[in-house]
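Asks: Before we start, here is the structure in question, set down as C-alpha cells.
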Amino acid sequence: MRETMVDVRGTNVRMLEAGTGPSLLFLHGIDGPSADPLFSELSKSYRVLAPEMPGFALSPIPDWMMNVGDAAYFTMDLIAALGLPQVHLAGHSIGGWIAAEVAIRSTHALASLSLLAPAGVMPREAPGHDVFLLSGDESVRVLFHDQALADQELAARAGDPLDIILQNRAGLARLAWTPRMASVILPQWLHRIDIPTFIAWGREDRILPFSTHETFVREIAGAHFLELPGCGHAIPVERGAEVARAMGAFMNGAR
C-alpha cells in the first residue's frame with residue numbers, strides 16, 4: 001500500500017493506493033479509508049485508489065464543502081486531477097451516496113458504479129440506530145452483525161487519536177446531518193445513472209435498513225443486486241473478500 005498526496009484545485013487529498021490494473025476509485029464510509037479485506041482483495045486485480053475525503057481522518061473540511069453535492073463535484077475534480085478516463089467508481093455508506101451523486105451528474109469519465117449499502121435515500125422503516133447519537137464502543141458494534149469482528153475492530157481502533165474520531169463525526173455531520181444520512185431529492189435523479197451498476201447490502205444492517213436497497217434497484221436501470229445475509233453495515237470488513245470478488249466479476253463484464 002502506498003500513500004500519496006493529490007492537489008485538487010488547492011485542496012490536498014491524502015490517498016491510499018495499491019495494486020495494478022484498471023483504476024478503481026473507492027470512496028470510504030463514515031470512518032475514513034482503511035486497508036480492509038475489501039481493499040486488499042480488490043487490489044489483486046485493480047489499481048485501487050482510496051482518497052481520504054475532506055472532513056475525515058487527517059483532512060480538514062473546507063469552508064465551501066457544505067453538503068454531499070459539493071463532495072460529488074469535488075470527487076469529479078479529483079477524477080480529473082488524477083487523469084482517470086473510464087474509472088470504476090465505488091463507495092460505501094456515505095461514500096456510496098457521494099458516488100451516486102457523481103453518477104447522476106455525469107458518467108462521462110466512469111466505466112461502472114458500485115454502491116455498498118449507500119446512504120442517500122430515506123428508508124421506509126426506521127433505522128435501528130442513529131449514528132450521530134452513538135459514542136464509544138457502541139458506535140462500532142452497531143456496524144457489525146458478527147460481534148467477534150466488532151471485537152477485533154475495537155481492538156484495532158484502541159489507539160486512534162480522539163481528534164480523528166471527532167473529525168470523522170464532524171465531517172459526517174456537515175454532509176449528512178439533516179435529514180439523517182439521506183436526501184429527499186436523490187431518488188428523483190437516480191434514473192440518470194446510465195452505466196453498469198452493482199449494489200450490495202447486508203440484510204442485518206442496523207444503520208441503513210436492508211429495505212432501502214429497493215429504491216436504488218428500482219430506479220437504476222439494470223442494476224445488479226447482491227444480498228448479504230448475516231452481514232451488517234460494515235460490508236468491507238464483514239464480507240469484504242466475497243464482495244470484492246463479486247465486484248471484480250461485475251466490473252470485468254462491464255468493460
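Rule-based calculations on the coordinates, nothing more; no lab input. Given the structure is predicted, the values throughout are model-derived calculations rather than measurements. When we count neighbours, we look across all protein chains shown, and the Cβ atoms used for this are built from the backbone with ideal geometry, even at glycine.
Asks: Out of curiosity, is Gly232 farther than 21 Å from Gly120 by Cα and either in contact (Cβ under 8 Å) with a residue 24 or more places away in the chain or among the acidic types (Asp, Glu) (or both)?
Replies: No.
Asks: Keeping to region 91-130, report how many residues are in a helix (DSSP H, G or I) and of a type outside the set (Val, Ile, Thr).
Replies: 8
Asks: Would you mention how many residues in region 193-213 are out of contact with any Gly (no Cβ under 8 Å at 6 or more places or on another chain) and surrounded by 15 or more Cβ atoms within 10 Å (Cβ to Cβ)?
Replies: Counting residues in region 193-213 that are out of contact with any Gly (no Cβ under 8 Å at 6 or more places or on another chain) and surrounded by 15 or more Cβ atoms within 10 Å (Cβ to Cβ) gives 9.
Asks: Looking only at region 179-213, count how many residues are of a type in the set (D, E, K, R) and touching a residue at least 60 places away in the same chain (Cβ under 8 Å).
Replies: Going residue by residue through region 179-213, those that are of a type in the set (D, E, K, R) are 180, 192, 194, 203-206.
From what is left, the residues that are touching a residue at least 60 places away in the same chain (Cβ under 8 Å) are 192, 194, 205-206.
Adding up the residues that qualify gives 4.
Asks: Inside region 1-90, counting only strands (runs of 3 or more DSSP E) that do not spill past its ends, which hold 3 or more residues that are free of Cβ contacts under 8 Å to residues at least 60 places away in the same chain and closer than 19 Å to Ser112 by Cα?
Replies: Working: elements: 2-8, 11-18, 23-27, 47-51.
In region 1-90, 47-51 are the strands (runs of 3 or more DSSP E) which contain 3 or more residues that are free of Cβ contacts under 8 Å to residues at least 60 places away in the same chain and closer than 19 Å to Ser112 by Cα.
Asks: Anything in region 223-255 that is surrounded by 15 or more Cβ atoms within 10 Å (Cβ to Cβ) and either on the phi > 0 side of the Ramachandran plot or part of a loop (DSSP other than H, G, I, E, B) (or both)? List them, or say none.
Replies: Matches in region 223-255: Ala223, Cys231, Gly232, His233, Ala234, Arg239.
Asks: Something else now. Name the pairs: first residue in region 108-128 and closer than 10 Å to Gly95 by Cα and without any contact (Cβ under 8 Å) to a residue 40 or more places away in the chain, second residue outside any loop (DSSP other than H, G, I, E, B) and of a type in the set (Phe, Trp, Tyr), Cβ to Cβ under 7 Å, at least 6 apart or on different chains?
Replies: From region 108-128, no pairs qualify.
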